[in-house]
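J.: Would you mind keeping the following structure in view while I ask a few things?
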Amino acid sequence: MEDLFGLLNIRDKEEKVYKLLLEEGALTANDISKKTNESRTNTYMILEQLVEMGMVIQNEEKAIRRFEASDPLALQKLLLNRQQEIKKTQALLKRNLPELKSLYNLGRLKPGVVHLEGLKGLEVMLNDMAKSQKEALLIPGTIPRNETWEVLKKGIEKRAKKGIRTKALFTRDSKPSLDEELHKKQKFEVRYWPGEEYPSEVVIYGNKCVFTSYEPEIVNTIITNEMIAKTMRGIFEQLWESAET
């Protein structure tokens, strides 16, 4: 019996009061307090919890309030409610697990290689960029104009509010479609080069190099390595010097 109540997350004191009411019928809080050696305050707290779980009914028709045990079938209903809560928790865990896993990987594997997937992974990467307080060197890729774009804009705005600058190398062909005033607000310094727009993008910040692909799914591959970051930064700066202002 004790195992049953324990598995239903019913505490010992709640079990004790419920069994007492099963055996003796309706009792006042004062009677229950005396029979269980609990203080009046604790007794009322226990009864309140049992009423909330549907295991105890309070009868207020008479001048003196009495409490009585519900039909034990209430335990079956309680179990069904627990099962529904578990299903909700499983769905919530499934939805948040990618972000938690991304945070775990990003914080644990240094130096190393981390793969962050989906919009949550993209958010984690952008937050890490903002947290680093480091200037970013960016070669943009082809970005779909959907919710991915909205997540990117929020990440850029977050960095801009902190005053973190970004150097961005766009292609000459993309120049007519770019908003220079918006780039100023975003703390972007932009130059143009004659290359073609790549399907994925590269960003370097601090000791990290990020390679991001947006299609068919979002995948961020982050390499945390000082020497690799230094090499990629040198390549970027050479392209930057030869690019148009």
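J.: Could you list, in sequence order, the residues of the range 147-183 that are assigned to a helix (DSSP H, G or I), touching a helix residue (DSSP H, G or I) at 6+ places or on another chain (Cβ under 7 Å) and closer than 24 Å to residue 235 by Cα?
T.: 159
J.: Go through (1) in contact (Cβ under 8 Å) with a residue 12 or more places away in the chain; (2) in the same structural domain as residue 210 (by TED's automatic domain parsing) one by one and return the number of the condition residue 66 breaks.
T.: Unmet for residue 66, out of (1) in contact (Cβ under 8 Å) with a residue 12 or more places away in the chain; (2) in the same structural domain as residue 210 (by TED's automatic domain parsing): (2).
J.: Give the residue that is surrounded by the fewest Cβ atoms within 10 Å (Cβ to Cβ), with candidates limited to residues of the range 115-137 that are of a type in the set (A, V, I, L, M) and more than 17 Å from residue 166 (Cα to Cα).
T.: Applying the first criterion (of a type in the set (A, V, I, L, M)) to the range 115-137 yields 116, 119, 122, 124-126, 129-130, 136-137.
Those left that are additionally more than 17 Å from residue 166 (Cα to Cα): 116, 119, 122, 124.
Working: 116: 25, 119: 14, 122: 21, 124: 24.
Filtering the range 115-137 for residues that are of a type in the set (A, V, I, L, M) and more than 17 Å from residue 166 (Cα to Cα), the one surrounded by the fewest Cβ atoms within 10 Å (Cβ to Cβ) comes out as 119.
J.: Based on this model, can you work out whether residue 204 counts as under 22 Å from residue 126 (Cα atoms) and at pLDDT 90 or above?
T.: On the way: under 22 Å from residue 126 (Cα atoms): yes; at pLDDT 90 or above: yes.
Against the criterion (under 22 Å from residue 126 (Cα atoms) and at pLDDT 90 or above), residue 204 qualifies.
J.: Does the range 201-217 hold any residues that are more than 18 Å from residue 104 (Cβ to Cβ) and β-branched (Val, Ile, Thr), and which are they?
T.: 202, 203, 204, 212
J.: For residue 170, only one of the following conditions fails: (1) buried (at least 18 other Cβ atoms within 10 Å of the Cβ); (2) under 30 Å from the mean Cα position of the chain (by Cα). What is its number?
T.: Only one criterion in (1) buried (at least 18 other Cβ atoms within 10 Å of the Cβ); (2) under 30 Å from the mean Cα position of the chain (by Cα) is unmet by residue 170, namely (2).
J.: On the basis of being within 22 Å of residue 215 (Cβ to Cβ), in the same structural domain as residue 187 (by TED's automatic domain parsing), of a type in the set (Val, Ile, Thr) and in contact with a strand residue (DSSP E or B) (Cβ under 6 Å, 6 or more places away or on another chain), does residue 139 make the cut?
T.: Values: within 22 Å of residue 215 (Cβ to Cβ): yes; in the same structural domain as residue 187 (by TED's automatic domain parsing): yes; of a type in the set (Val, Ile, Thr): yes; in contact with a strand residue (DSSP E or B) (Cβ under 6 Å, 6 or more places away or on another chain): yes.
Criteria met by residue 139.
J.: Within the range 18-119, which helices (runs of 4 or more DSSP H) (wholly inside it) include 3 or more residues that are closer than 30 Å to residue 229 by Cα? Spell out how you get there, then give the answer.
T.: Numbers: elements: 29-36, 40-52, 74-108.
Because the criterion is at least 3 residues that are closer than 30 Å to residue 229 by Cα, the helices (runs of 4 or more DSSP H) in the range 18-119 that meet it are 74-108.
J.: A further question on this structure: Is it the case that some residue within the range 17-27 is buried (at least 19 other Cβ atoms within 10 Å of the Cβ), closer than 16 Å to residue 78 by Cβ and either within 37 Å of the chain's Cα centre (by Cα) or of a type in the set (A, V, I, L, M) (or both)?
T.: Yes: the range 17-27 contains one or more residues that are buried (at least 19 other Cβ atoms within 10 Å of the Cβ), closer than 16 Å to residue 78 by Cβ and either within 37 Å of the chain's Cα centre (by Cα) or of a type in the set (A, V, I, L, M) (or both).
The values are calculated or read from the model by the stated rules, or taken from the named source; none is laboratory data. Because the structure is predicted, anything quoted here is derived from the model rather than measured. Virtual Cβ from ideal backbone geometry, glycine too; neighbours counted across all protein chains shown.
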